[in-house]
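S.K.: For reference, the structure I am asking about is given below.
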Amino acid sequence: MDICDAVKYVGVDDHEIDLFEGQFEVPGGMAYNSYVILDDKVCVMDSVDANFGDQWLSNIEAVLGERKPDYLVVQHMEMDHSANVMRFAQKYPAAKIVASKVAFSIMKNMFQTDFPERQLVVAEGSLLDLGTRKLRFVSAPNVHWPEVVMTYEEEDKILFSADAFGKFGALDYDDPEGWDCEARRYYFGIVGKFGSAVQALLKKVSALDIKVICPLHGPVLDKDLAHYIGQYDTWSSYGVESQGVALAYTSVYGHTKQAAEKLAQILKYKGCPKVAIFDLAREDIYECVEDAFRYGKLVLASTTYCGGVFPAMREFIQHLTERNYQKRTVAFIENSSWNPAAAKTMASLLEPCADIKFAETKVSIKVSMKDADIAALEKLAEELLG
């Protein structure tokens, strides 16, 4: 695949993987992207996952023919992008390794060497001259590891963006949801905690004339870049992307589920543009996290369990707090047989979150819904839509 005349794609698709990073379901597989820049000097951008070293090196050879790489730029040291750095170094002993100072420290931990005779340390504003094309480096610490640099190719105005703007799914996977859905799940699952670092990066790249974004996962982006950058701005500033209500519930014998579904029905009847309802014990937790950040209102519905809250709800809230959940309205529905404690527990679990407004209406059900509980759900719906 040609990005342009001088930039070629040499990455790989992974259809064997079931869980990315051991936790994210990826039914569409994953892409590990790598690129070659052909100029007076030859530069390879990043490596790939350990299982695909042979294919990656073969892809490079197919593009280069008799030429040899002069540089390998390592933008990100996470193993799905750095595992084959040593194999590359052994195959091309004359090539320089280009990375940040912190990246070389991580290399020493991984490979027992930081390639001292071959290393080229880059930082914010460093320039690498390939001939016609020049690479300008942009420091991007904590997007999402501390060593990350990104690379701006000035001639063709390409931003090699490391993990930023990536998504789940192999390149040959025809994603029916388009870019946004799996990019959003990827962002909030992996990068979500580091919103301030992403905001700092976006301020830097706003000064660049970018025509193409080449991420380390997912498709090359060469159209409607304002949309992708706008989504990252919204996500990293914890803004509300879509109007609606996310409704997360746990239920033991079905009564809390009935209450959650009743509230969803009332909200839709009253004109709520979208109600995303999910059973935390049965659905992909990261899909649920994604929706909690997507919408401005969140309802948490849970049984009282062991004097607190149901385990799946506790885990869900922990995922939110770890990712700096903020700037949202949160409402509670609790259910109990005798001593309700779920709402109080959920509120306490959310204490680390900044700028959270709790709805005044709290729905507290004793075992099963009654007319008074339905009236309380009506009142809560009105407050959420007010």
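The values are calculated or read from the model by the stated rules, or taken from the named source; none is laboratory data. Here the structure is a predicted model, which means the values were calculated and not measured. Here Cβ is always computed from backbone atoms with ideal geometry, including for glycine, and neighbour counts include all displayed protein chains. Note: areas computed on protein heavy atoms with side chains; ligands, DNA, RNA excluded. Shrake-Rupley method; radii C 1.70, N 1.55, O 1.52, S 1.80 Å.
S.K.: From the list Glu315, Glu351, Glu334, exactly one residue is part of a loop (DSSP other than H, G, I, E, B) and either surrounded by fewer than 22 Cβ atoms within 10 Å (Cβ to Cβ) or modelled with pLDDT of 95 or more (or both). Which is it?
M.R.: Glu351
S.K.: Filter segment 236-266 down to the residues that are β-branched (Val, Ile, Thr) and under 23 Å from Arg282 (Cα atoms) and list them by number.
M.R.: Initially, segment 236-266 is screened for residues β-branched (Val, Ile, Thr), giving 240, 245, 250, 252, 256, 266.
If the condition is that a residue be β-branched (Val, Ile, Thr) and under 23 Å from Arg282 (Cα atoms), then Val245, Thr250, Val252, Thr256 are the ones that fit.
S.K.: Yes or no: Leu384 open to solvent by less than 20 Å² (accessible area, probe 1.4 Å), over 31 Å from the mean Cα position of the chain (by Cα) and either over 27 Å from Asp18 (Cβ atoms) or of a type in the set (D, E, K, R) (or both)?
M.R.: Details: open to solvent by less than 20 Å² (accessible area, probe 1.4 Å): yes; over 31 Å from the mean Cα position of the chain (by Cα): no; either over 27 Å from Asp18 (Cβ atoms) or of a type in the set (D, E, K, R) (or both): yes.
No: the conditions fail for Leu384.
S.K.: Checking the structure you have, find out if any residue of segment 276-298 is out of contact with any Cys (no Cβ under 8 Å at 6 or more places or on another chain), part of a loop (DSSP other than H, G, I, E, B) and at positive phi.
M.R.: No, segment 276-298 has no match at all.
Yes or no, residue by residue, for (1) touching a Phe, Trp or Tyr at 6+ places or on another chain (Cβ under 8 Å); (2) free of Cβ contacts under 8 Å to residues at least 24 places away in the same chain:
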site: Thr234; (1), (2): no, yes
site: Gly239; (1), (2): no, no
site: Gly244; (1), (2): yes, no
site: His255; (1), (2): no, no
site: Ala260; (1), (2): yes, no
site: Gln265; (1), (2): no, yes
site: Tyr269; (1), (2): no, yes
site: Arg282; (1), (2): no, yes
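S.K.: Ok, one more. Do any residues in segment 1-18 that are part of a strand (DSSP E or B) have Cβ atoms under 9 Å from those of residues that are buried (at least 18 other Cβ atoms within 10 Å of the Cβ) and among the basic types (Lys, Arg), where the two are at least six apart or on different chains, and which pairs are they?
M.R.: Every condition considered, the pairs that remain are Asp2/Lys8; Val7/Arg133.
S.K.: Of the residues that make up segment 213-228, is at least one among the hydroxyl-bearing types (Ser, Thr, Tyr) and out of contact with any strand residue (DSSP E or B) (no Cβ under 7 Å at 6 or more places or on another chain)?
M.R.: no
S.K.: While we're looking at this one, here's another question. Within the bounds of segment 124-147, is there any residue that is touching a Pro at 6+ places or on another chain (Cβ under 9 Å), crowded, with 20+ Cβ neighbours inside 10 Å and modelled with pLDDT of 95 or more?
M.R.: Yes, the conditions are met somewhere in segment 124-147.
S.K.: State whether the residues of segment 246-268 include one that is buried (at least 19 other Cβ atoms within 10 Å of the Cβ) and among the acidic types (Asp, Glu).
M.R.: no
S.K.: To continue, here is another question. Name the residue that is most open to solvent (accessible area, probe 1.4 Å), counting only residues in segment 361-381 that are of a type outside the set (A, V, I, L, M, F, W, C), part of a helix (DSSP H, G or I) and in contact with a Ser or Thr (Cβ under 9 Å, 6 or more places away or on another chain).
M.R.: At the first step, the residues of segment 361-381 found to be of a type outside the set (A, V, I, L, M, F, W, C) are 361-362, 364, 366, 368, 370-371, 373, 378-379.
Checking which are part of a helix (DSSP H, G or I) leaves us with 371, 373, 378-379.
Those left that are additionally in contact with a Ser or Thr (Cβ under 9 Å, 6 or more places away or on another chain): 373, 379.
Details: Asp373: 18, Lys379: 127 Å².
The residue in question is Lys379.
S.K.: Determine which member of the set Lys68, Lys108 is out of contact with any Ser or Thr (no Cβ under 9 Å at 6 or more places or on another chain), under 23 Å from Glu21 (Cα atoms), modelled with pLDDT of 95 or more and open to solvent by 80 Å² or more (accessible area, probe 1.4 Å).
M.R.: Numbers: Lys68 fails: under 23 Å from Glu21 (Cα atoms).
Only one candidate passes the filter, namely Lys108.
S.K.: Just the residues that are open to solvent by 40 Å² or more (accessible area, probe 1.4 Å) and among the hydroxyl-bearing types (Ser, Thr, Tyr), please, taken from segment 148-177.
M.R.: If the condition is that a residue be open to solvent by 40 Å² or more (accessible area, probe 1.4 Å) and among the hydroxyl-bearing types (Ser, Thr, Tyr), then Tyr173 is the only one that fits.
S.K.: Here's a follow-up. So which of Leu225, Leu221 ends up being under 30 Å from Val149 (Cα atoms) and either hydroxyl-bearing (Ser, Thr, Tyr) or surrounded by fewer than 17 Cβ atoms within 10 Å (Cβ to Cβ) (or both)? First the steps, then the outcome.
M.R.: On the way: Leu221 fails: either hydroxyl-bearing (Ser, Thr, Tyr) or surrounded by fewer than 17 Cβ atoms within 10 Å (Cβ to Cβ) (or both).
Of the residues listed, the single one that is under 30 Å from Val149 (Cα atoms) and either hydroxyl-bearing (Ser, Thr, Tyr) or surrounded by fewer than 17 Cβ atoms within 10 Å (Cβ to Cβ) (or both) is Leu225.
S.K.: Something else now. Do any residues in segment 157-183 that are farther than 16 Å from Tyr286 by Cα have Cβ atoms under 7 Å from those of residues that are polar (S, T, N, Q), where the two are at least six apart or on different chains, and which pairs are they?
M.R.: Phe160/Gln75; Phe160/Thr151; Ala162/Gln75
S.K.: Now for a different question. In this structure, is Ala292 farther than 21 Å from Lys366 by Cα and crowded, with 22+ Cβ neighbours inside 10 Å?
M.R.: yes
S.K.: When you check Tyr152 against the structure, is it of a type in the set (Ser, Thr, Tyr), within 20 Å of His15 (Cβ to Cβ) and either part of a loop (DSSP other than H, G, I, E, B) or modelled with pLDDT of 95 or more (or both), yes or no?
M.R.: No; evaluated as a whole, the condition is false for this residue.
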